[in-house]
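Working notes, structure below.
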Amino acid sequence: MSFVVTIDGPSAAGKSTAARTLASRLGFLYVDTGALYRAVALKMQWSGASPDDPAAVERCLAGTALDLSGSPEQPHVWLDGADVSGEIRTPAVSEMSSRIAALPAVRRKLVEIQRALRARGPLVAEGRDLGTVVFPDAEVKIFLDADLATRARRRARELEQRGIPVPLEQVSEELERRDRRDRSRADSPLRPADGAVVVDCSTMDVDGVVAEVLRVVRAHHAWPGGGAPAAGRGG
Ligand code: DC
């Protein structure tokens, strides 16, 4: 089985930047599982299906083809043969993705797709349930957290850079609402996995986070030459 590093945590904690940098440094595949939930949300939006109508959701899922490709620097997500990497990043898709992510039928299909990606090679996979549900046997599990104010500032800046300016207060409210939903859902709620190393990056930059995770990876006994004790490692 390929070596897997999972990075879970709330929205805008910096998971994507850390996971992409890490995948690039390790030569691993980068798996953005949120992009898959976002692609399903986009399909629901396009088809006008309501997340409150289980039959419509099942129909929508049955005819949906999803895939991830590209590099950590240029990841792509494919929906029914179309590259939707840009379209999935709007606030409306963020909101819809958090709603459909609570549906067991959606999670079942996407977990299956994610597990199959392990056959492609070693992975850095980020999301909400990678360490708890998708890859409970992952070699390294990280839970990346940051306080709400820090996360809201980061997300507002990111949206602005994409040409979607949203007031900071609104970004903060939307993040809080989505996180509450992600943490409180019955199926695969967001929480640190058993054995996860919890990293609070409120006052850390990306280099600091990546250095910390690299230290944990290189200390793992399955890493070539690894096995040295990693100070501060949990679990
Ligand atoms: O990481 P993100 O913001 O792109 O994720 C979009 C939504 O998908 C988010 O509200 C939670 C959900 N999600 C999930 O439930 N499980 C995952 N493994 C990844 C994302």
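Where does segment 95-141 land on Rg/Rh, using Cα atoms and the Kirkwood Rh? Rounded to two decimals, Rg/Rh equals 0.98. Setting aside same-chain residues fewer than 8 positions from LYS141, which lysines have a Cα under 18 Å from its Cα? Filter leaves LYS15. In this structure the amide hydrogen of VAL198, modeled in the peptide plane, comes within under 5 Å of the amide hydrogens of PHE143, GLY234, none closer than 5 places in sequence on its chain. Ranking VAL106, ALA116, SER24 by how far each Cα lies toward the positive end of the dipole of the chain (charges on Cβ) leaves ALA116 at the top.
Work out how much length ARG191 to ARG108 would gain on full extension: take 0.36 nm times their residue separation and subtract the Cα-Cα distance, in nm to one decimal. Numbers along the way, then the final one.
Numbers: separation 83, 0.36 × 83 = 29.88 nm, distance 1.84 nm.
So the extension gain works out to 28.0 nm.
Look at where the Cα atoms of segment 57-122 and of segment 155-189 average out, and the two centres are 19 Å apart.
Evaluating kT/(6 pi eta Rh) at 37 °C and 0.692 mPa s, with the Kirkwood radius of segment 1-139 over Cα pairs in the Stokes-Einstein relation, gives 217 µm² s⁻¹.
Counting Lys and Arg as +1 and Asp and Glu as -1, each charge on the Cβ, what is the dipole of segment 118-221 about the Cα centre in debye, to the nearest 20? Could you put the intermediate results ahead of the total?
On the way: 19 positive and 20 negative charges, 54 e Å.
That gives segment 118-221 a dipole magnitude of about 260 debye.
Calculate the dipole size of the chain relative to its Cα centre from +1 charges on Lys and Arg beta carbons and -1 charges on Asp and Glu beta carbons; express the result in debye to the nearest 20. Present the calculation step by step, with values, prior to reporting the outcome.
Details: 32 positive and 32 negative charges, 57 e Å.
That gives a dipole near 280 debye.
Under the combined filter of DSSP loop state and at most 11 neighbouring Cβ atoms within 10 Å, segment 138-235 retains none of its GluC sites (Glu not before Pro).
Expressed in nm to one decimal, what extension gain is obtained for the pair GLU160 and VAL198 from 0.36 nm per residue of sequence separation less their Cα-Cα distance?
Details: separation 38, 0.36 × 38 = 13.68 nm, distance 2.90 nm.
Taking GLU160 through VAL198 to full extension adds about 10.8 nm, to one decimal.
Of the residues ARG180, ARG59, ARG89, the one that moves most in a GNM of the chain with alpha-carbon contacts below 10 Å is ARG59. Placing unit charges on the Cβ atoms of the charged side chains and taking the dipole of the chain about its Cα centre, the candidate lying farthest along the positive direction among ALA149, THR90, TRP223 is TRP223. With q set to 0.13, 0.14, 0.15, 0.23 Å⁻¹, the log10 of I(q)/I(0) for segment 119-235, from the Debye formula over equal scatterers at the Cα positions, is -0.63, -0.72, -0.82, -1.35. Run the paramagnetic zone check for ASP52: 7 angstrom along Cα to Cβ, then residues of segment 169-208 with backbone nitrogen under 18 Å. Residues passing the 18 Å test: 181. Can you compute log10 of I(q)/I(0) for the chain with the Debye formula, treating each Cα as one identical point scatterer, at q = 0.09 Å⁻¹? Debye output, listed in q order: -0.35.
Computed from Cα positions, the angle between helix 91-100 and the longest principal axis of the chain comes to roughly 80 degrees.
Each value in this text was obtained by applying a stated rule to the coordinates, not by laboratory testing. Bear in mind that the values here come from a model prediction, so they are computed numbers and not experimental data. Positions of Cβ are generated from backbone atoms using ideal geometry, with glycine treated the same way; all protein chains shown enter the neighbour counts.
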